[in-house]
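First comes the structure, then the notes that go with it.
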Amino acid sequence: MMDAKPCIDSLTVKSSHVLPPDTNSHGTLFGGKLMAHIDDVAAIAAVRHCRKPVVTASMDSVDFLQPVFEGDTVCLEAFVTWTHNTSMEVFVKAITENLLTGERKVCTTAFLSMVAVDENNEPSPVTAVFPESDEEKWLHEGAKRRHEHRKNRRKESKELANKFGTSLPWKRGL
């Protein structure tokens, strides 16, 4: 069995300047662009923890709490909060900052499940993680519940995929 690692060992921080091509007609960051940043920083944190390639298994609901405006920065912080056999839960917090005023706000939080894979892209065991700070302990304590919720949600997603398949709506009589 591999030795457990502290959550902080996987900490990854990434800042990006929000430029015009990153924004919608409201002058705010595209939600999909922010989700791409979230996926990227979570993958880096997961690899940093397990030192293996990873794939994204799921992203929990993403609530856009504050807009991120053109000219602002968005700073993402991510770390592994919990592990289970081959998967890791990664917590990501995104903070928007108005560079001219210095005002900072949490704009999004998310949990992602990342799975370590071997050279054949098969799931591969990961090292356990342990929390140290009060915040890490709080996240770690709720992780098993979130894991079960994700398993149930994945089962429902598979049922939907099977029910609707790949045929076009007008070919199903809808």
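The values are calculated or read from the model by the stated rules, or taken from the named source; none is laboratory data. Since we're looking at a predicted model, the values are computed, not measured. Positions of Cβ are generated from backbone atoms using ideal geometry, with glycine treated the same way; all protein chains shown enter the neighbour counts.
Residue by residue through the range 25-36, note down the ones that are free of Cβ contacts under 8 Å to residues at least 12 places away in the same chain and either part of a helix (DSSP H, G or I) or among the aliphatic types (A, V, I, L, M) (or both). Within the range 25-36, G32, K33, A36 qualify. Selection over the range 46-58 of residues that are within 24 Å of S157 (Cβ to Cβ) and surrounded by fewer than 17 Cβ atoms within 10 Å (Cβ to Cβ) gives a count of 5. Out of curiosity, is T166 out of contact with any Ser or Thr (no Cβ under 7 Å at 6 or more places or on another chain), at pLDDT below 95, surrounded by fewer than 19 Cβ atoms within 10 Å (Cβ to Cβ) and among the polar types (S, T, N, Q)? Considered against the rule, which asks whether it is out of contact with any Ser or Thr (no Cβ under 7 Å at 6 or more places or on another chain), at pLDDT below 95, surrounded by fewer than 19 Cβ atoms within 10 Å (Cβ to Cβ) and among the polar types (S, T, N, Q), T166 comes out as yes.
Of all residues in the range 122-145, those being surrounded by fewer than 17 Cβ atoms within 10 Å (Cβ to Cβ) and assigned to a helix (DSSP H, G or I) number 8.
For the range 39-64, a residue qualifies if it is in contact (Cβ under 8 Å) with a residue 24 or more places away in the chain, of a type in the set (A, V, I, L, M) and closer than 15 Å to M88 by Cα, and the qualifying residues are V41, A42, A43, I44, A45, A46, V54, V55, A57, M59.
Okay, residues lined up against (1) in a loop (DSSP other than H, G, I, E, B); (2) over 26 Å from V18 (Cα atoms); (3) more than 14 Å from the chain's Cα centre (by Cα); (4) modelled with pLDDT under 95:
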| position | (1), (2), (3), (4) |
| --- | --- |
| A43 | no, no, no, no |
| H49 | no, yes, yes, no |
| P67 | yes, no, yes, no |
| G71 | yes, no, yes, no |
| L76 | no, no, no, no |
| L100 | yes, no, yes, no |
| K105 | no, no, yes, no |
| T108 | no, no, no, no |
| R154 | no, yes, yes, yes |
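The single residue among D39, D63 that is modelled with pLDDT under 95, out of contact with any Asp or Glu (no Cβ under 7 Å at 6 or more places or on another chain) and outside any strand (DSSP E or B) turns out to be D63. The residue pairs whose first member lies in the range 122-137 and is closer than 13 Å to V90 by Cα, whose second member is at pLDDT 95 or above and among the charged types (D, E, K, R), and whose beta carbons are closer than 6 Å, counting only pairs six or more residues apart or on different chains, are V129/K5; P131/K137.
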